Ligand code: PAF
């Protein structure tokens with residue numbers, strides 16, 4: 001593994017690998033098994049893998065979330081170095097000034113895929129993601145880029161970005177990695193108190209129950225079940241310190257257009273996406289119905 005703080009030094013290294021297949025794994029660091037699964041997949045499918053570690057300020061619509069976002073670069077580099085491979089793994093760890101030497105004035109729009117779920121609740125978020133991902137594409141020129149399905153809408157946004165900028169890059173969606181108790185791994189999980197971490201798997205349990213119910217209940221009733229189960233959890237199972245789930249949304253959508261469906265057979269692929277506040281931390285998860 002080699003790490004680089006400047007774009008020029010990474011590009012000088014990449015120049016020595018011209019003609020080889022490059023896989024890009026964009027991350028914001030605080031790496032966990034989910035990220036490592038993306039890196040392992042990229043290592044298996046490419047000659048050279050570039051991992052970026054950059055907490056992208058322009059995708060945070062909430063200042064406190066940006067300040068509290070975990071930054072663990074030394075531990076991240078150790079985890080990447082421990083990935084067993086004989087392939088070249090290059091890690092870009094740029095400063096904000098290195099990524100954005102000039103004020104950013106690009107804005108992207110994605111039509112209907114950004115009008116649902118995270119889009120209206122995090123204004124400017126997906127445009128900020130697109131700016132940094134495009135920048136990384138321009139720096140690295142990968143053949144493939146790897147993204148986790150936990151951020152399901154982000155994958156649709158990146159696909160839409162590629163259709164706007166016409167870069168021949170394959171987007172490789174990778175399955176969510178979960179803790180043994182079912183909680184989707186996320187860099188934000190470290191911010192949960194022990195009590196909150198103990199009940200957080202309820203989100204996945206409820207989603208699994210929703211999949212079961214989808215065999216015999218309408219879409220609307222399954223949505224109502226998930227929202228009410230989580231909202232009333234603290235009434236049914238009293239929690240210390242006013243701890244409670246505050247679901248922001250649970251939407252059942254077409255997996256390509258991300259538009260809500262009214263009946264199960266309205267789309268070939270159907271997923272449910274959720275965002276829930278717990279203990280001041282916003283957790284997201286998703287589950288496939290069809
Ligand atoms: O999914 C993330 O961690 C970020 O949104 C990404 C893709 C690395 C862009 O900053």
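Keeping to the range 182-204, report how many residues are loosely packed, with under 15 Cβ neighbours inside 10 Å and more than 20 Å from the chain's Cα centre (by Cα).
Selection size over the range 182-204: 4.
Which of (1) within 17 Å of the chain's Cα centre (by Cα); (2) farther than 22 Å from residue 201 by Cα does residue 253 not meet, given it meets every other one?
(1)
Would you mind stating whether residue 113 is under 26 Å from residue 276 (Cβ atoms), more than 13 Å from the ligand (Cβ to nearest atom) and crowded, with 18+ Cβ neighbours inside 10 Å?
Taking the combined requirement at face value, the residue satisfies it.
Specify which of the listed residues (216, 204, 225) is in a loop (DSSP other than H, G, I, E, B) and modelled with pLDDT of 95 or more.
Going through 216, 204, 225 in turn, the sole match is 216.
In the set 80, 58, which member is more than 15 Å from the chain's Cα centre (by Cα) and within 12 Å of the ligand (Cβ to nearest atom)?
Selected residue: 58, the only one of 80, 58 that is more than 15 Å from the chain's Cα centre (by Cα) and within 12 Å of the ligand (Cβ to nearest atom).
Residue check, residue 49 against (1) out of contact with any strand residue (DSSP E or B) (no Cβ under 8 Å at 6 or more places or on another chain); (2) not in a loop (DSSP other than H, G, I, E, B), all met but one. Which one?
(1)
Would you check if there is a residue in the range 160-169 being surrounded by 19 or more Cβ atoms within 10 Å (Cβ to Cβ), within 12 Å of the ligand (Cβ to nearest atom) and modelled with pLDDT of 95 or more?
Checked the range 160-169: at least one residue is surrounded by 19 or more Cβ atoms within 10 Å (Cβ to Cβ), within 12 Å of the ligand (Cβ to nearest atom) and modelled with pLDDT of 95 or more.
Across the range 93-110, what is the total count of residues that are part of a loop (DSSP other than H, G, I, E, B) and exposed (fewer than 13 other Cβ atoms within 10 Å of the Cβ)?
So the count comes out to 8.
With the checklist (1) within 11 Å of the ligand (Cβ to nearest atom); (2) touching a residue at least 24 places away in the same chain (Cβ under 8 Å) in hand, flag the one item residue 155 doesn't pass.
Checking residue 155 against (1) within 11 Å of the ligand (Cβ to nearest atom); (2) touching a residue at least 24 places away in the same chain (Cβ under 8 Å), the one that fails is (2).
For the range 183-201, give me each residue that is part of a helix (DSSP H, G or I) and within 16 Å of the ligand (Cβ to nearest atom).
187, 188, 189, 190, 191
The values are calculated or read from the model by the stated rules, or taken from the named source; none is laboratory data. Source: prediction; values computed, not measured. Please note: Cβ atoms are built from the backbone with ideal geometry, for glycine as well, and neighbour counts cover all protein chains shown.
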